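Data block below; observations after.
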Amino acid sequence: MENKDIVIPATDDPDTAGFWAAARERRLVVQRCGDCGKMRFPPRPACTCGSFAMGWHEVSGRGRVWSYGVAHAPTLPAFADLVPYVFAVIELADAPHLRMVGNLATSAKAAINSVPQDAVAIGDEVTVAFRPVTDEVTLPVWIPATQSEVVQ
Amino acid sequence: MSTLTIKDRVAIVGMGETEFGKGLAGSEMELACRAIRTALDEAGIAAHEVDGLSCSNMEATHEEDLADTMGFGDITFFSRIPAGGGGGCGTVGQAAMAIATGQAKVVVVWRSRKRSGRASRVWGKTAQEVTDYEAWLRPFGMIRPVDDIAPMARRYMHDFGATREDLGRIALTFRANANQNPRAMMQAKTLTMEQYLGARWISEPLCLFDCCLETDGAVAFVLVSAERAKDCPTKPAYVHAFAQGITPGSSLMANYNLDDPYRLQTYAAATRLWRDSDIQPGDVKVAQIYDAFTPEVLWSLEGFGFCERGEAADFVRRGEIGPSGKLPLNTAGGSLSEAYIHGFNLISEAVRQVRGTSTAQVDDVDSAFVCSSEGVPTSAIVLR
Ligand SMILES: [Zn+2]
């Protein structure tokens, strides 16, 4: 990959490997308890109901911006050329109590600073896309509804 | 079962602080030893009497090395409290528990940090491959603690009408307190709202002055039983109540997965603390609230019951956290303007308020509240 400083998640943790395996297949999943049906994120080895029957459940990939921040310097070398960039907390449409951190971009391949902050507001609708960054790691990225119209 | 309690049975009888600054000479270990030496001397207690230790789990100084260096006796109690800034009051509380239950007689708690250099920042050492909770944050460019706080702050401002000026009022209030405090790193630097609003962004909506200082320095305390405290030359600061807190779904800083994201760790600590305390939120005349970032002050004011949910910004706007307000806060300048020793210098200031020796002394103080970091597994104490 072009940026050797990039920060990547470990994909071999038994509790979370299923999330990253699904992301490689361009599917967004959260855990769902096989006994009580409760959805969970981030992944855990058990459900609060006591069950260990945790399975993966594909969600629609639609969500809303619950909140966001805008990072400025100083930061790590991998992100230094990208500041200022937005990072968002996305509330999932299928499970509004579950929130995922991710970047906004105009397309799966566009940079994480491609959506300027004045185009972002709490409540904005977004849809997931996937960006492969290494052979093992594909990161979800979120395309704002307003931006995808612009691109199309 | 009879009610067991630590209430007023243990006291802080010695306190030691090094200079607070940037680029201090000496290792973290030396700074720790100097603060502890001062605390023991103040208490009139010999090093060989120390038999208990409690510190943060981020402490680089090892217990056995400290015991060897200082000449402590046999150590029969030691504990480390997790979660960085959430642990400060926990060290004091667990020391009090150890003494009240007879596990130890003389307990030293301490925190030593050399963090003034940029190379020493924890976020600067982020691994290329991240695990655990960091796996859901760092790959997306949320690298620093301030990045974890920024979305929480923005959503709070959106939901409850808090403004940048409200955050600025917190920074200005604490700075004015620091301007009276010769130990404060910012004693000589005043801060205006214009300067605050014009400061560079760090992680929007938070700017430079929403973030705490980075400091070299150490703080230490010596605790003994209330009976032993009578023989010490200092005025004892009794540990009246203590609690720790984790709420379901809460995390380290990035608390986006609670059903209610503002029912943070303090809510758990508060329930327990006020249940055990004869002094209630309305009785507290001075408080030291953990302030690594200004929004944490709002959330802790609400979490500990000094304000209703969503009303803390208005409390600040009315001037209630200033020297003539209902609840003067961070009277030495706090983490924002005195020094950032992971909140341990907030405990020192509470001890000074109880002793009547603060540079911003509040009249008729009969107790002092201190809390550790909001947004992480946390802790709080009431001293009297
Ligand atoms: Zn279940």
Query raised in the report: Hey, got the dipole for the stretch A:11-59? About the Cα centre, +1 on K and R Cβ, -1 on D and E Cβ, debye to the nearest 20?
Result: 180 debye
Requested in this report: Springs between alpha-carbon atoms under 10 Å, Gaussian network over chain B: tell me which of B:261, B:236, B:328 tops the mean-square fluctuations.
Outcome: B:261
**Report entry** Charged-residue dipole, Cβ positions (Lys, Arg, Asp, Glu), the protein assembly as shown about Cα centre, Debye nearest 20
**Finding:** 380 debye
Report summary line: About its Cα centre, chain B carries a charge dipole, from +1 on Lys and Arg Cβ atoms and -1 on Asp and Glu Cβ atoms, whose size in debye to the nearest 20 is 480 debye
Query - Share of carbon and sulfur in the accessible heavy-atom surface of the stretch B:118-188 [1.4 Å probe, %] - result: 50 percent
Report task. Report ³J(HN,Hα) in whole Hz for each residue of the stretch A:56-63, in order, from the Karplus equation J = 6.51 cos²θ - 1.76 cosθ + 1.60 where θ = phi - 60°; Gly and Pro get x. Result -> 9, 10, 6, 9, 5, x, 9, x
**Report entry** Net charge, residue A:49 excluded, C-beta distance under 13 Å - Lys, Arg +1, Asp, Glu -1
**Finding:** +3
Requested in this report: Pairs of Cα atoms under 8 Å, at least six residues apart: use those to get the relative contact order of the stretch A:11-59, whole percent.
Outcome: 36 percent
Query - the stretch A:11-59 shape via C-alpha gyration tensor axes, a/c threshold 1.5 - result: oblate
**Report entry** Surface share of carbon and sulfur [accessible, 1.4 angstrom probe, percent] for the stretch A:11-59
**Finding:** 46 percent
**Report entry** List of the stretch A:4-19 residues, accessible area with partners at least 40 Å² below that of the chain alone (1.4 Å probe)
**Finding:** A:7, A:8, A:10
**Report entry** Pairs of lysines in the protein assembly as shown (C-alpha under 17 Å apart; 8 or more residues apart or interchain)
**Finding:** 8
Query raised in the report: What figure in square angstrom, to the nearest 10, would you give for the accessible area of residue B:193 with a 1.4 Å probe?
Result: 50 Å²
Report task. Compute the acute angle (0 to 90°) between the alpha-carbon long axis of helix B:344-355 and the principal axis of greatest extent of the alpha-carbon atoms of chain B; round to the nearest 10°. Result -> 60 degrees
**Report entry** Furthest towards positive pole of dipole, B:233, B:348, B:203, structure part chain B, Cβ charges
**Finding:** B:203
**Report entry** Rel. contact order, % - alpha carbon contacts under 8 angstrom, at least six apart, chain A
**Finding:** 21 percent
Requested in this report: For every other residue with a beta carbon closer than 9 angstrom to the beta carbon of residue B:261, add +1 if it is Lys or Arg and -1 if Asp or Glu, then tell me the sum.
Outcome: +1
Report summary line: In terms of the alpha carbon gyration tensor, root eigenvalues a ≥ b ≥ c, rounded if a/c is under 1.5 and otherwise prolate when a/b exceeds b/c or oblate, the protein assembly as shown is prolate
Query - Relative contact order computed over chain B (Cα-Cα under 8 Å; 6+ residues apart), in percent - result: 25 percent
Requested in this report: Take the alpha carbon gyration tensor of chain B, find the square roots of its eigenvalues, order them as a ≥ b ≥ c, and report rounded if a/c is under 1.5; if not, report prolate when a/b exceeds b/c, else oblate.
Outcome: rounded
Requested in this report: Could you please put B:317, B:115 in sequence from largest to smallest accessible area, using a 1.4 Å probe?
Outcome: B:317, B:115
Query raised in the report: Which angle between 0 and 90 degrees, to the nearest 10, do you get for helix B:294-303 versus the longest principal axis of chain B when only C-alpha atoms count?
Result: 70 degrees
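The values are calculated or read from the model by the stated rules, or taken from the named source; none is laboratory data. Keep in mind that this is a model prediction, so the values were computed, not measured. All Cβ positions, glycine included, derive from the backbone under ideal geometry; neighbour counts span all protein chains shown. Side chains are part of the model used for accessible areas, which takes the heavy atoms of the whole protein and leaves out ligands, DNA and RNA. Shrake-Rupley method; radii C 1.70, N 1.55, O 1.52, S 1.80 Å.
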